[in-house]
1. Starting from the range 726-738, keep only residues that are more than 14 Å from Met716 (Cα to Cα), then list their pairs with residues that are among the small types (Gly, Ala, Ser) whose Cβ atoms are within a distance under 7 Å, requiring at least 6 positions of separation or different chains.
2. When only residues in the range 102-139 that are of a type in the set (A, V, I, L, M, F, W, C) and not in a helix (DSSP H, G or I) count, which is farthest from Ala324 (Cα to Cα)?
3. When the range 274-322 is examined, which residues are found to be of a type in the set (Val, Ile, Thr), closer than 20 Å to Gly165 by Cβ and out of contact with any Ser or Thr (no Cβ under 9 Å at 6 or more places or on another chain)?
4. Among the listed residues Ser458, Ser464, identify the single one that is among the polar types (S, T, N, Q), under 29 Å from Pro558 (Cα atoms) and in contact with a His (Cβ under 8 Å, 6 or more places away or on another chain).
5. Condition check: under 13 Å from Ile227 (Cα atoms) and hydrophobic (A, V, I, L, M, F, W, C). Does Val358 satisfy that?
6. Look through Leu537, Leu557 and report the one residue that is at pLDDT 85 or above and either in contact with a Pro (Cβ under 7 Å, 6 or more places away or on another chain) or crowded, with 17+ Cβ neighbours inside 10 Å (or both).
7. Has the range 226-243 got any residue that is assigned by TED's automatic domain parsing to the domain that holds Leu39, β-branched (Val, Ile, Thr), in a helix (DSSP H, G or I) and touching a strand residue (DSSP E or B) at 6+ places or on another chain (Cβ under 9 Å)?
Amino acid sequence: MENASLFAAPDLSFSDKLKASLQPAILLRSLLASATIWLLISSALPSYAKLIFLGKMADYFAAGLGITLVSQIVILVVTSLASSDHATIVIPQSPTAVIQGMIASSAVAAAPADMSPEALFPLVYWIIIFSSLITGGFVLLLGITRAGGVVRYIPYPIVGGFLAGLGWFIFNAAFAVVVDHRIAVHTLPVLLADDVVTRWLPSLAFAICILVLRTRIKNVMLMPVMIIVAVVLFYAWAQFVVGDMDALAEAGWFLPKVPESIVWPSLDLAVIARIDLAMIGASAGGVLTLVVVFTLHVFFRAGAQELVSGRELDFNRECAVNGAANIASGLAGGGVLGYQGPISTALIELTGVYGRLVGLFLALMFWLTLLFGSALFSLVPRFLPAGLLMFFGLQFMKEWLLDSWFKLPRQDYITVLVIALATALFGLFSGIALGLVVAILFFVLEYSRMDVIKQELSGELHRSNLDRSYAENQFLQKEGEKILILRLQGYVFFGSAYRFYERIKSLIADDDSRPLKFIILDFKSVRGFDVSTINDLKRLKGLTDRHDIELLISSVLPHLQPLLLADGIVARESGGPPFFDDLDHALERAENALLEGADLLTIAQVTVEQQLAQHALIDSRDVSALHRYLEVIETAVGDVVCQQGDESDALYFIESGRVDVLLQGDGQDVLRLRSMTAGTVIGEVGFYLKKARTASIVVTEAGVLQRLSLEALRQMEASDPRTASALHVFITRVLSDRLSTTNRVIQELMD
């Protein structure tokens, strides 16, 4: 829509958009949109006033209307000017009005029984204002601290169950609006009396009619049209069937009479000192529930507005603006909370008008209603606001109890149903508490089913980053099964820890033919564990000790290490740390121990001839000429063999000593990619691809290298082709062996 996109453009100033919105055609559409939204809100406002001031406070319905209208005016002005999106319209809503009515009722019930309504009203009025200030302040704080996203962590079924239960409360509250009674066991005889049924039945029919039509007609004008049609039909029935409007008013078919001007009560600070502590205590639970409900709805309605408008909102700004608007409303003498109305946003988008101007027009209309609209509300039939409340309540229950049956997994639906029933039977606060308990229980149950073992690997294929000689590799390929690697994940607690212990126990029992010598537990992906995990690890330590298996632990977070040390699960080795920094070093330790037991670790030198003879299976006499092309380099610790980025003009045979392959990061961080010992070759990939060095090679143990330059290789190919061929076969087999090992590791990781 051209106009809608114009008013949503971020590069236009407020004055430019306002100037464009004052064009005659757009201005006329803005007034029409404002009038339609005013009709929708005005039809529901009396129910909010009636919900908050009922029973002993019923005579203050007119004051409740004034408070509600003031709230609407202040909230509209603040949010229309400051919201992150021009089409945001914030209005009082039934869920929070119901809870504020419960807060008022709790305060009245806790007050002295002999307190008159005149003395009670200002106390209840201040409690309502305090509930608005506390709730608005909490949401404002979320926005200021940019912590609005925290609400997104609340599990979806908890929200659904709570909203379904809240739907029942809204639906039930509608009966109090139309017949001054809620649904309860002791009120059923009254509600089913013939003269009472005829009062609430039109409200229910109106609500069901809207609910059914909205599933078939997706037009934002449906609600205004239905309201107008319902009022016309009611007055036609009253005029031509009953014929006596006074009798209908006397029977309670209309809202209470409102004085010639709607009362806007003044705030008296001295009243605060007279508020009874019992009234505050009785209201505390309701206020806490109000904070939760309001915060959830601010986010839900903001999300719904994003879908309607197709534009992203700044949730933190919406929290700050919404909280500030409701605080301003309370300080101005309002106090009825409000949040986004996506239906109003849809109407603004449909008509292509400037939402900020519509919001200001609405504020003006409600100010005129406050001054001159008393007669209007006296003509509103009770079934209309009560029917709207019933519709809102039925809509919540339909969405979360009926529609969710086809959308949610059965476990999540059970959570929704349990919380909805608890909310309806025991109250909103109890529903929230039960919801959290149920969600935690289901989470623990599901999480305990998740395997704490992320990967189960064997040392036969999964090796350390230390390149060894051909003989050592052959040995480790045969004996590597004696090393079991378990990479753990998540948060390990009593359920998953015991299953983990049982798994290792079964592996040890089934491995009698080739008993394990080392079990490595890698905690890199473990965020934490509970006390019961410590007990299971102690049992595991005892099990491995009995079977003469060494338990190695790597990658433990620093704050978890003292727990393992204190309980003797790991012990300090002589001169070394109890934990390995990573899995690579733990694997190297286990491999060295196996090689040492086979007297292979003591082999400090492997000549070039031995490497070619062992690996390539070529007679050493055929490559005796190779030495003429090699340059002997004696190394010391710290020598740089080649630098990252250098030209790859040579490869090196390691006859003795050790080097590390290091990768330099963007900053000062250096990552060890591999280590190489006697009997291995380094630099061959870049040498054959003729590409720059991708890493540096640094000597970590003094030894001897044999350097073959590119120039020497060319001379060898020209003068001694048989020697060159042997060299190429050797390099090919080295690379093929590495590739084959890598493929087996990848396959093992994928299984």
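1. Pairs that qualify, where the first residue is more than 14 Å from Met716 (Cα to Cα) and the partner is among the small types (Gly, Ala, Ser), are Val729/Ala616; Phe730/Ala616; Arg733/Ala616.
2. Applying the first criterion (of a type in the set (A, V, I, L, M, F, W, C)) to the range 102-139 yields 102-104, 107-111, 113, 115, 119-121, 123-124, 126-130, 133-134, 138-139.
Now narrow it down to the ones that are not in a helix (DSSP H, G or I): 111, 113, 115.
Working: Ala111: 31, Ala113: 36, Met115: 34 Å.
Only one residue tops the list, namely Ala113.
3. The first filter runs over the range 274-322 and keeps only residues of a type in the set (Val, Ile, Thr), leaving 275, 280, 287, 289, 291-293, 295, 298, 308, 321.
After this cut, where a residue has to be closer than 20 Å to Gly165 by Cβ as well, the list is 287, 289, 291-293, 295, 298.
Those that are of a type in the set (Val, Ile, Thr), closer than 20 Å to Gly165 by Cβ and out of contact with any Ser or Thr (no Cβ under 9 Å at 6 or more places or on another chain): Thr289, Val292, Val298.
4. Values: Ser458 fails: in contact with a His (Cβ under 8 Å, 6 or more places away or on another chain).
Matching residue, one of Ser458, Ser464: Ser464.
5. On the way: under 13 Å from Ile227 (Cα atoms): no; hydrophobic (A, V, I, L, M, F, W, C): yes.
No: the conditions fail for Val358.
6. Details: Leu557 fails: either in contact with a Pro (Cβ under 7 Å, 6 or more places away or on another chain) or crowded, with 17+ Cβ neighbours inside 10 Å (or both).
Step by step, each of Leu537, Leu557 is checked, and only Leu537 is at pLDDT 85 or above and either in contact with a Pro (Cβ under 7 Å, 6 or more places away or on another chain) or crowded, with 17+ Cβ neighbours inside 10 Å (or both).
7. Step one: list which residues in the range 226-243 are assigned by TED's automatic domain parsing to the domain that holds Leu39, which gives 226-243.
Now drop any that are not β-branched (Val, Ile, Thr), which leaves 227-229, 231-232, 241-242.
Going one step further and asking which of them are in a helix (DSSP H, G or I), we end up with 227-229, 231-232, 241-242.
Retained after the next criterion (residues that are touching a strand residue (DSSP E or B) at 6+ places or on another chain (Cβ under 9 Å)): 231.
Looking through the range 226-243, at least one residue is assigned by TED's automatic domain parsing to the domain that holds Leu39, β-branched (Val, Ile, Thr), in a helix (DSSP H, G or I) and touching a strand residue (DSSP E or B) at 6+ places or on another chain (Cβ under 9 Å).
Each row is one residue, and each column tells you yes or no for (1) closer than 28 Å to Ile183 by Cβ; (2) loosely packed, with under 15 Cβ neighbours inside 10 Å; (3) at pLDDT 85 or above; (4) under 38 Å from the mean Cα position of the chain (by Cα).
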position: Val197; (1), (2), (3), (4): yes, yes, yes, no
position: Ala205; (1), (2), (3), (4): yes, yes, yes, no
position: Val212; (1), (2), (3), (4): yes, yes, yes, yes
position: Met221; (1), (2), (3), (4): no, yes, no, yes
position: Val225; (1), (2), (3), (4): no, yes, yes, no
position: Ile228; (1), (2), (3), (4): no, yes, yes, no
position: Phe234; (1), (2), (3), (4): yes, no, yes, no
position: Leu255; (1), (2), (3), (4): yes, no, no, no
position: Pro259; (1), (2), (3), (4): no, yes, no, no
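The values are calculated or read from the model by the stated rules, or taken from the named source; none is laboratory data. Everything numeric here is computed off the predicted structure, so don't read it as measured data. Positions of Cβ are generated from backbone atoms using ideal geometry, with glycine treated the same way; all protein chains shown enter the neighbour counts.
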